[in-house]
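Enquirer: The structure that follows is given in the form of structure tokens.
The values are calculated or read from the model by the stated rules, or taken from the named source; none is laboratory data. Just so it is clear, the structure is predicted and the values come from calculations on it, not from any experiment. All Cβ positions, even for glycine, are placed from backbone atoms using ideal geometry, and neighbour counts span all protein chains on display.
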Amino acid sequence: MKIHIIGGPGSGKTFLAGKLSRQFGIPHYDLDDIMWDNSSGSYGTKRNPEERDELLSKVLENDDWIIEGVYYSWCGRCFEDADRIILLEVPRRTYRSRIIRRFLRRKLHLEKGKKETLRSLSASSNGPTNSSRPTSSKSSGSSAPTPPNWRNSRCMYPPLVSGKG
């Protein structure tokens with residue numbers, strides 16, 4: 001099974017990916033870990049495109065995967081190969097409180113995560129950006145592939161999982 005979970009910051013992508021991973025015994029991958037060089041000394045350092053594309057190709061070679069994250073310009077194959085695409089949408093007050101809670105937990109070393117800054121917290125809590133919303137490549141002028149038709153049979157809204165966990 002190949003599942004791609006998309007949604008804005010704080011929508012619950014990582015939480016759902018972990019839950020599905022445990023339920024189905026499928027590894028999950030965060031596209032942020034492929035896009036960003038988390039081993040660099042500073043926050044927000046991108047990997048070079050060749051390294052990023054090689055890491056993604058290795059993930060996509062697997063028979064089963066759960067990918068979470070929203071990048072369109074270099075993730076066309078994620079959408080094409082996915083058996084299911086899950087779109088998470090949550091109210092603004094929900095994602096803002098989740099982002100702030102996550103930021104504080106990471107700063108207090110209660111949760112493992114990226115090295116966010118106050119500036120990145122502010123940007124995330126303002127909600128999904130154009131990069132996390134589906135757009136047509138014709139209207140944006142970019143060479144990014146057009147995301148899949150959100151109404152086709154591969155797209156779904158949660159719940160896909162049962163019970164609490």
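Enquirer: Tell me, please, whether a residue that is loosely packed, with under 12 Cβ neighbours inside 10 Å, small (Gly, Ala, Ser) and at pLDDT 95 or above can be found in the stretch 25-35.
Expert: Yes - at least one qualifying residue is present in the stretch 25-35.
Enquirer: Exactly one condition in (1) of a type outside the set (S, T, N, Q); (2) outside any strand (DSSP E or B); (3) crowded, with 19+ Cβ neighbours inside 10 Å is not met by Ile66; state its number.
Expert: (2)
Enquirer: Being acidic (Asp, Glu) and part of a loop (DSSP other than H, G, I, E, B) is the filter here, so list the residues in the stretch 25-57 that pass it.
Expert: Our first condition is that a residue be acidic (Asp, Glu); within the stretch 25-57, this holds for 30, 32-33, 37, 50-51, 53-54.
Selection gives Asp37 alone.
Enquirer: Any idea how many residues of the stretch 36-52 are in contact (Cβ under 8 Å) with a residue 24 or more places away in the chain and buried (at least 18 other Cβ atoms within 10 Å of the Cβ)?
Expert: Narrowing the stretch 36-52 to residues in contact (Cβ under 8 Å) with a residue 24 or more places away in the chain: 36, 38, 42-44, 49.
Imposing the further condition that a residue be buried (at least 18 other Cβ atoms within 10 Å of the Cβ) reduces the set to 36.
Within the stretch 36-52, residues that are in contact (Cβ under 8 Å) with a residue 24 or more places away in the chain and buried (at least 18 other Cβ atoms within 10 Å of the Cβ) number 1.
Enquirer: Next up: With the structure loaded, tell me whether Ile99 is in contact with a Cys (Cβ under 6 Å, 6 or more places away or on another chain) and either in contact (Cβ under 8 Å) with a residue 24 or more places away in the chain or of a type outside the set (A, V, I, L, M) (or both) or whether it fails that test.
Expert: It is false that Ile99 is in contact with a Cys (Cβ under 6 Å, 6 or more places away or on another chain) and either in contact (Cβ under 8 Å) with a residue 24 or more places away in the chain or of a type outside the set (A, V, I, L, M) (or both).
Enquirer: If you don't mind, another one. Given the conditions (1) farther than 22 Å from Arg105 by Cβ; (2) crowded, with 21+ Cβ neighbours inside 10 Å; (3) polar (S, T, N, Q), which single one is not true for Ser73?
Expert: (2)
Enquirer: Search the stretch 8-27 for residues that are within 11 Å of Arg98 (Cβ to Cβ) and pair each with any residue that is aromatic (Phe, Trp, Tyr) and crowded, with 20+ Cβ neighbours inside 10 Å when their beta-carbon atoms are under 7 Å apart and the residues are at least 6 apart or on different chains.
Expert: What qualifies is Gly8/Tyr95; Pro9/Tyr95; Gly10/Tyr95; Ser11/Tyr95.
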